[in-house]
Amino acid sequence: MVNERYSRQIRFAPFGAEGQEKLSTATAVIVGCGALGTVQASLLARAGTGTIRLIDRDYVEEGNLQRQLLYTEADARDALPKAEAARRHLLEANSGIQVEAHVSDLNPENAEDLLTAADVILDGTDNFETRYLINDYAVRAATPWIYGAAVGSYGIAMPVLPDDSACFRCVYPSPPGGAQPTCETAGVLGPITSLIGSLQAMEALKILSGRATAVRRKIFTADIWHGPVRETSMPARDPDCPCCARREFTWLTGRRAPVSLCGRNAVQIHERRRPIDLAQLASRLEGLGEIRGNEFALRFRTGEHDLTVFPDGRAIIKGTTDIGIARGIYARYIGA
Ligand SMILES: [Zn+2]
């Protein structure tokens, strides 16, 4: 029975039965199903969020399991796309909700489609480019979103409430310069990603249950190894902010570079629009290297390079940061 299932959060007075009712028809979009995204998705699914839309471009690997709480060794062995693996596990936890999996890289061309009808957007990405894109869409569509990031033992979370709070570009006018620590170079601990993902899920649940006024307009930062843990007030809106004041949505209207670095030692190629028949490709690659695959992606290993091809023609080439080499591998094995 629905009320038994959700009885503990309904009993929490500020949430209540009315909050549960609203939540059951609400839609949350999670961009990125890594450490933050899997925590957000798990909490929102168990709480009874009506629809959860998952967007992720990558597949599960063994190195994810230490902190990406939804995935299993079998997911890594099968190289399942994260969005699909997450969808399956979320439905195991709660079969009464809708979960959509989009194996896709959020970019200016698909942002409208993928983010549409969201009541809240949760940031589970690992890069500023995608966050500016989310911010542009969210401000234009007046959709709240929750920023979050974690590296090492440090994390940060902040809500963005369009027409109300400062937006992401008010706080970060431009991407940080120089080399930034990443989870690949500086490592990352499971407790910090779980903490930040939980805080993001909390603010999202307030919005989804019709309690947006309860959203805490604060910037939360924590280093949970060395300390400190603190909370600061959000700055005022920038009256000259290109996004929320001047309404110039340059990240949403821009074009994405067709080839990009993607995490440590990997290049993503996504300029092609030609769908690929993975079964056909698998038979063509027979004997040239180690092939593993499923209906969502095909993995092909040759020498020190690991090539993963998706049905829309997109590919991630691991084992190089050289865009020329990556393009060459793509051309050699998939086609020019
Ligand atoms: Zn702004």
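Could you tell me how far the Cα centroid of the range 13-28 sits from the Cα centroid of the range 36-58, in Å?
With the range 36-58 and the range 13-28 each reduced to a Cα centre, they are spaced 16 Å.
So which trypsin sites (Lys or Arg not before Pro) in the range 63-128 are both in a DSSP loop and have at most 13 other Cβ atoms within 10 Å of their Cβ?
none
Provide the packing ranking of 134-141, 188-195, 227-234, i.e. peptides ordered by the mean count of other C-beta atoms within 10 Å per residue, highest first. Walk me through the numbers on the way to the answer.
Details: 134-141: 23.5, 188-195: 20.4, 227-234: 10.6.
In decreasing order of mean packing, 134-141, 188-195, 227-234 become 134-141, 188-195, 227-234.
Against the longest principal axis of the chain, how steep is helix 323-333, in degrees 0 to 90 to the nearest 10, with axes from Cα atoms?
Long axis of 323-333 versus the principal axis of the chain: about 60 degrees.
Mind ranking 20-32, 94-106 by how tightly packed they are, going by the mean number of other C-beta atoms within 10 angstrom, highest first?
So the peptides 20-32, 94-106, ranked by packing, come out 20-32, 94-106.
Using only the alpha-carbon atoms, how far is helix 128-141 inclined from the longest principal axis of the chain? Give it as 0 to 90 degrees, nearest 10.
Tilt relative to the chain: about 50 degrees.
Separation of the range 272-322 and the range 78-155 by C-alpha centroid, Å?
Spelled out, the Cα-based centre of one part sits 24 Å from the other.
Nearest 20 debye, what's the magnitude of the dipole of the chain about its Cα centre given +1 on Lys and Arg Cβ and -1 on Asp and Glu Cβ?
It comes to approximately 360 debye.
Between residue 304 and residue 232, what FRET efficiency follows from the Cβ-Cβ distance if R0 is 51 Å, with the result rounded to 0.05?
0.70
Cut-off under 19 Å on the C-alpha distance; same-chain residues fewer than 8 positions from residue 22 excluded. Which aspartates and glutamates are left, in chain and number order?
Counting by Cα, and skipping residues close in sequence, residue 22 has these aspartates and glutamates nearby: 4, 119, 203.
In debye, nearest 20, what is the charge dipole magnitude of the range 61-199 about its Cα centre with +1 on Lys and Arg Cβ and -1 on Asp and Glu Cβ, if you could check? Intermediate values should be presented prior to the final figure.
Working: 8 positive and 20 negative charges, 78 e Å.
Computed charge dipole of the range 61-199: roughly 380 debye.
Mind checking the per residue accessible area of the chain for me, 1.4 Å probe, whole number of Å²? Let's see the in-between values first.
On the way: 15310 Å² over 336 residues.
On a per-residue basis, 46 Å².
Provide the three semi-axes, in whole Å and in decreasing order, of the ellipsoid equivalent to the chain as defined by the square roots of 5 times the Cα gyration tensor eigenvalues.
In descending order the semi-axes read 33, 24, 19 Å.
What length, rounded to one decimal in nm, is gained on full extension from residue 65 through to residue 113, with 0.36 nm per residue of separation minus their alpha-carbon distance?
14.3 nm
Compute, for the range 126-187, the length of the dipole vector about the Cα centre, with Cβ point charges of +1 (Lys, Arg) and -1 (Asp, Glu) only. Units Debye, rounded to 20. Could the numbers behind the result be given before it?
Working: 3 positive and 6 negative charges, 15 e Å.
It comes to approximately 80 debye.
Could you tell me the relative contact order of the chain? Use alpha-carbon pairs under 8 Å, at least six residues apart, and round to a whole percent.
That works out to 16 percent.
What is the percent carbon and sulfur in the accessible area of the chain, measuring with a 1.4 Å probe over the protein chains and ignoring ligands? Could the numbers behind the result be given before it?
Working: 7970 of 15310 Å².
Heavy-atom surface of the chain belonging to carbon and sulfur, 1.4 Å probe: 52 percent.
Charges on Cβ only, +1 for Lys and Arg, -1 for Asp and Glu, centred on the Cα centroid of the range 1-99; of 44, 30, 20, which one is farthest towards the dipole's positive end?
20
Going toward the positive end of the dipole of the range 59-132, with +1 on Lys and Arg Cβ and -1 on Asp and Glu Cβ, which of 111, 121, 96 do you reach last?
Projecting each Cα onto the dipole axis, the largest value belongs to 96.
Mind checking the angle between helix 82-93 and the chain's longest principal axis? C-alpha axes, 0 to 90 degrees, to the nearest 10.
Helix 82-93 sits at roughly 50 degrees to that axis.
Students often check this: by mean Cβ neighbours within 10 Å, which of 284-295, 157-168, 241-252, 215-226 ranks highest, and how do the rest follow? Can you show the working numbers first?
Details: 284-295: 13.0, 157-168: 21.5, 241-252: 17.4, 215-226: 15.8.
Descending packing order for the listed peptides: 157-168, 241-252, 215-226, 284-295.
The values are calculated or read from the model by the stated rules, or taken from the named source; none is laboratory data. This one's a predicted model, so the numbers in the text were calculated from it and none came from an experiment. Glycine also receives a Cβ, built like all others from the backbone with ideal geometry; neighbour counts cover every protein chain displayed. We work out accessible area using only protein heavy atoms, side chains counted, and drop any ligands, DNA or RNA first. Shrake-Rupley method; radii C 1.70, N 1.55, O 1.52, S 1.80 Å.
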